[in-house]
Amino acid sequence: MATAGSGQQATGDGIGDAERARAELSDAFNAAGVKLPSLSLDAVSCAGTAPRVLIDLGRCNVATAHTLAAALRLRGAGPRQEAAR
């Protein structure tokens, strides 16, 4: 993780960290049977000397929205995880 003095946010908001998070999210969606074709980094939030990068979940069709909702419901029925990590 970058430090505040290196031009990146100390909270893990750097582009490299965001790319890894996007890949992790994509893998998790794929494992749940959900394909979000527009999953990407938000280009505007990557700009600047200390970017606070956002991950854009993009758009999906109705069938994918139903699949995503079902996957989230299944996850909600399982054991509770930590509220914040």
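The values are calculated or read from the model by the stated rules, or taken from the named source; none is laboratory data. Remember, predicted model here, so these are calculated numbers, not experimental data. Don't worry about glycine lacking a Cβ; one is built from the backbone with ideal geometry, like all the others, and counts go over all protein chains shown. The accessibility values were calculated without ligands, DNA or RNA, using every heavy atom of the protein model including side chains. Shrake-Rupley method; radii C 1.70, N 1.55, O 1.52, S 1.80 Å.
The figures follow:
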read-out	value
³J(HN,Hα), Karplus 6.51/-1.76/1.60, whole Hz, each residue of the range 29-35, x for Gly, Pro	4, 4, 5, 8, x, 10, 10
Cut-off under 5 Å, modelled amide H: who pairs with Asp56 long-range	Ser40, Leu41, Asp42
Accessible area (Å², 1.4 Å probe, nearest 10) - Asp42	50
Furthest towards positive pole of dipole, Leu72, Pro51, Phe29, structure part the range 16-76, Cβ charges	Leu72
Using θ = phi - 60° and Karplus 6.51 cos²θ - 1.76 cosθ + 1.60, couplings along the range 40-54 (whole Hz; Gly, Pro as x)	7, 7, 6, 4, 5, 6, 7, 7, x, 7, 10, x, 10, 5, 10
Using θ = phi - 60° and Karplus 6.51 cos²θ - 1.76 cosθ + 1.60, couplings along the range 60-65 (whole Hz; Gly, Pro as x)	8, 7, 4, 4, 5, 4
